[in-house]
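Q: Okay, handing you the structure first.
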Amino acid sequence: MSGVLHLVATPIGNLGDITLRALETLKAVDVIACEDTRQTAKLLHHYQIGTPMVSLHEHNERTRTPGLIEQLRAGQSIALVSDGGTPLISDPGWWLIHRAIEEQIPVRWIPGPTALIGGLVLSGLPMERFVFEGFLPTKSGQRRRRLETLKNEGRTIVLYESPHRLLRTLHEIRNTLGDLSMACARELTKMFEEVCRGCVSELIAHFERHPPRGEFVIVLSPQSIVHSP
C-alpha cells in the first residue's frame, strides 16, 4: 500500500498559527519536503520535531520528484510544506502533487494560513467574489499585458508583490487600471504587520515616503467601485 502525500499549511509569520493536526502530521510522516530546509528547520526546532527534511524548490522539483514518488509508492508518507502558508500557492510543489495524482497516491490537505486570504479580509474591499493573480511577470511588457487583461474585471483582484518591485507595480496599476481603491498588507501575523488603505495614488505617496519592506499582498477594488476619501 502506498503512503500519503500531505499538503501541510504552516505559519506565515507567527509560529503560534499552526494547527494541532499540522503538528501531528509533521511528527508522523517519514520525511518533510521543504521549499527551504533552513526556514522549515526554525519551525521544527520550535516545536521539537525531528522528522528528516529534503529540499523541494523551483530549481530541483522535477529531478527530486521521482525519488519522492518512489518513497510514496513504497509506503512512506511525505509532508509538503512551503516557507510559509499553504503549499503550491505561488510556491513550488505542483509537479510532485501532479505526479502523485497520476500514480493514484492519496493526497491529503492539512489546512492553515494563507497570505492572500489574510490580505483580502483585512482590505475592507468587497470579498464575495475575487480573483487571485499571484505575482505579476517580472518583464515590463508582460506585466502590462497581464494588467490589460484585468481592465474589465468585475471581481476584487488579489496580487502578491516583493518590496523592491512594489512602487513600480503600483505605478503600472494606476496607469493601466486607474486610481482604484485598494489595500496593501505586509508582514501579516508578524511584529510589523501593516495594512495601508486608500487609492493607488495615496499608497504610491505613502511608500515613496516609507520605503517598502516585507512581502506584500495587494488588493484592488472591482472596477465598478470608485474611491471615496
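The values are calculated or read from the model by the stated rules, or taken from the named source; none is laboratory data. Everything numeric here is computed off the predicted structure, so don't read it as measured data. Note: ideal-geometry Cβ built from the backbone for every residue, glycine included; neighbour counts use all protein chains shown.
Q: Can you pull out the residues in segment 1-40 that are closer than 19 Å to ARG99 by Cα, assigned to a loop (DSSP other than H, G, I, E, B) and touching an Asp or Glu at 6+ places or on another chain (Cβ under 9 Å)?
A: Hits for segment 1-40 are SER2, GLY3, GLU35.
Q: Right, another one. Going by the conditions given, is ASP17 outside the structural domain of THR189 (by TED's automatic domain parsing), touching a Pro at 6+ places or on another chain (Cβ under 9 Å), of a type in the set (Asp, Glu) and under 21 Å from GLU187 (Cα atoms)?
A: Judged against the criteria, ASP17 is a match.
Q: Working only within segment 88-142, note down all residues that are over 19 Å from the mean Cα position of the chain (by Cα), modelled with pLDDT under 95 and crowded, with 19+ Cβ neighbours inside 10 Å.
A: Listed by number, the list is empty, since nothing qualifies.
Q: In addition: From ILE105, ILE69, grab the single residue that is aliphatic (A, V, I, L, M), in contact with a Lys or Arg (Cβ under 6 Å, 6 or more places away or on another chain) and not assigned by TED's automatic domain parsing to the domain that holds ARG213.
A: Answer to the check: ILE69.
Q: Mind listing whichever residues of segment 41-72 are within 13 Å of PRO87 (Cβ to Cβ) and part of a helix (DSSP H, G or I)?
A: Within segment 41-72, just GLU61 meets the criteria.
Q: Still on this structure, please answer the following. Consider GLU70 carefully, then state whether it is at pLDDT 95 or above and among the acidic types (Asp, Glu).
A: yes
Q: Determine whether LEU159 is under 17 Å from the mean Cα position of the chain (by Cα), assigned to a strand (DSSP E or B), outside the structural domain of GLU35 (by TED's automatic domain parsing) and surrounded by 14 or more Cβ atoms within 10 Å (Cβ to Cβ).
A: yes
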